[in-house]
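Encoded as C-alpha cells, the structure appears first; notes follow it.
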Amino acid sequence: MKNNIGQKIRKVRELKGFTQDYMADKLAISQRAYSKLENNETKLDWEKIELVSPSSEKSS
C-alpha cells in the first residue's frame, strides 16, 4: 500500500487556506522541497510532522 501522508498534508493545508510557500517558510525549507513532501518524494521527520500538523495556526 502506498504511503499517502503527503496527500493528507496537502488536504489539511488546502482546507486551512495555506499556500505551499507559507508552509515552506514555516518549515524553513524551499517551496520545491515542500512540494516534494506533499508528493511523497521525500520523507518527513517528526519535527516537521509536528509543524504541519492540524494544530498549527496561521500567523497574522
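The values are calculated or read from the model by the stated rules, or taken from the named source; none is laboratory data. Because the structure is predicted, anything quoted here is derived from the model rather than measured. Neighbour counts are summed over all protein chains in view; Cβ atoms, including those assigned to glycine, are modelled from backbone coordinates with ideal geometry. The protein model used for the area step is the full one, side chains on, heavy atoms only, and it has no ligands, DNA or RNA in it. Shrake-Rupley method; radii C 1.70, N 1.55, O 1.52, S 1.80 Å.
In summary, the aspartates and glutamates within cross-link reach of Lys26, defined as a Cα separation below 14 angstrom excluding same-chain residues under 8 places away, comprise Glu47, Glu50, Glu57.
Residue ranking by accessible heavy-atom surface, 1.4 Å probe, largest first, among Val52, Val12 comes out as Val12, Val52. For the pair Gln7 and Ala28 in one chain, pulling the backbone fully straight at 0.36 nm per residue adds 5.5 nm over the alpha carbon distance.
Spin-label model, Glu41/Lys16: points 7 Å from Cα along the beta carbon direction are separated by 2.3 nm.
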